[in-house]
Every structure is written in C-alpha cells, then in structure tokens.
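Only the coordinates and a few stated rules stand behind these numbers; no lab work does. Small disclaimer: the values here were computed from a predicted structure and weren't measured. As a convention, Cβ positions derive from the backbone with ideal geometry for all residues, glycine included, and neighbour counts pool all protein chains shown.
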Amino acid sequence: MKPTATQSLEDVETLRGFVRNLREGIYITSLDGRILDANPAFLEMFGAASLDDLRERRTVDLLVDPLQREREVDRLLEAGTVREFEFQIRRLDGVVRTVLDTCFAIRDPATGETVFHGILVDITARKELEEQLREVGIRDPLTGLYNRRFLEEVEAEVELRPRPLGAIVVDVDHFKVYNDRFGHRMGDEVLRRMARFLSAQVRADDVVFRIGGDEFLALLLGDGARHTRTVARRMRDAASHRGAPVPFTLGWAVAHDGESIEHTVNRADRNLIQVRIRERGEERRGRVSVQAPRLRRTTRKPADSPAARPRHE
C-alpha cells in the first residue's frame, strides 16, 4: 500500500523535527562552499544566531586552515564515498574548536548541482584529553622534562625532514652519593633542580630530555656547531658563577650530514666519557679533589650551593 500525500508530509516533518533536535551539526553546502542549510546544532557550533549569519560566509572563511577544504573536497570527489575529516573551525566569536566531519557528495535533483551533505561532531574536549594523555606519556613525571618516548618521535620527524642539530649530554657527578648519604628525596630534588637549570640554558625551540637516571640531553634543532658550542659554554659559565645546582660533566656533538640523532647523541656521550676519564686522572694526581665536600654542602644547603664545575668537550 502506497503512502498518501498526507502521510508523506507527516514523515517529512517528523524527519525535520528529528534533524532539528540532533546534538550533531547537520548541514548542506554547495560545491563552492556556500552554506545552503543547517540545523540549530550546526549554528551553535559556529556561534551563529541564525542561518543568515552563516550564509554570508563560505565554509573556507570558517576554517583555521582554509586550504584544507580544497584538499578534502578533491579527495571526497575522487573517492565518491562517505569520508571523515578532522579539522579546526573558527567560530564567529573567534574561538577555535576541533570537529569531525562525516560528509558525502550528492547531485541535487532540482538543480543538477553537486552539493555536500554532512554531520559535524565537536570533538574539542576529546582532543584536549588525548593531548593531556599524550603529555603524560612523553613527560618524565619527576622533572617534567621530555622522556625517551618523545625523543623517538623527534628522531622520526628529523629523519623525514633533515635539519642541522647539536646534542649536549649532561651527567650529574657522583649522583649515587646523594641517594646513599642523604636519601632518595634529596636525590630527586637534585634531578629537579638540574632540569630547571638546563631548561634555562637553552632556547624555547631547543628540547631538554631526561634520558636516564641522572643523565640529561639537550637537543638543539636547526643549528650546528656554533650554537651547540655556545650553549655548552653557557652551561659552563653559569656553573662558574654559582648558577648550577650541582657538579656535572657534559659532552657535545654536532650531527654530520645524514647522521641520525641516535648516532649524534652516542658521539656526545662518548665525548662525555672521555672528559670524565681525563678529569678522574687529574683527581688521582691530586689536582682536582673538591667533589665530595661540594656534594655535602650542596645537598645540605641547596640555596647556597657553590658553583659546579662542569667538564665539556
């Protein structure tokens, strides 16, 4: 039995009522990005009071990356199927939100033009939570520095987009003494203070990692020997003027063409070991014999700690 005209109209009104009350944004746009129709949830996502507020704009005007729509439209038309896109929108009040767009292309039977039907879901809260969880996963919980997991991500990125870089490996001298003599709480405090000290010596674009128990890495991206040498000297000078919390040894290296971060860091670490061997030889000959007293005073009175004596390549 065929539905009557009255039943068909009732079904259409029921569907319209359903769409109007959905929490997801439902929309129809033209091929050139004009917003033809949308439900209240879509208007709310963009901070619009009425559909007319959005009809004055094209969708590219509402995207943080306007070129993204062109790329996604090309992919959608090429695939010919429903696709999901994730992008950032800018509301009319300037607030940026992240949305997931499920979209498909269809030919309008009335005009013959290609139009896009889609559903927008605001995933801003989910993305923020994901970023928080990611931060937990790539941060050292004790010092707040980045950990080896994030170092692996940086290594992969540099492998895809090579650039000059330098590495400075820093190791706290006689760290075991802090834990053995004064307890692990003092050892933890030493690591936190070293983390703050090292972070203060580098630029905002450089990255400091905790890569081992008492071992740190400063990765200087986008610069070569001159900047790396300058930062190493800055660390030494800060220590010479009582600016470092505890004694440490450092070694540095600059990446060769085509060399991985791992190999560069390994060379910096070998340089650190050579410096430490040389300095220990001097200690045995009696020319350096102040480490233990300094450790004791530094641990008992961190605020009045004497200058550390870093060794460097």
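Note on the range 71-216: dipole from Cβ charges, positive end direction compared against Phe175, Leu133, Val99; the farthest Cα belongs to Phe175. Extension gain for Glu152-Asn21 works out to 42.5 nm (0.36 nm per residue, less the C-alpha to C-alpha distance).
With Cβ to Cβ distances under 11 Å as the rule, what net charge do the other residues near Leu221 carry (K, R +1; D, E -1)?
Numbers: positive: Arg161, Arg163, Arg203; negative: Glu157, Asp205, Asp206, Asp223.
Around Leu221, the charge tally is -1.
Considering only Ala200, Val190, Gly222, and ranking their Cα positions along the charge dipole of the range 139-304 that arises from unit charges at the beta-carbon of Lys, Arg, Asp and Glu, the one farthest toward the positive end is Val190.
What you get for the range 139-304, charging only the Cβ of Lys and Arg (+1) and of Asp and Glu (-1), is a dipole of about 1080 debye around the Cα centre.
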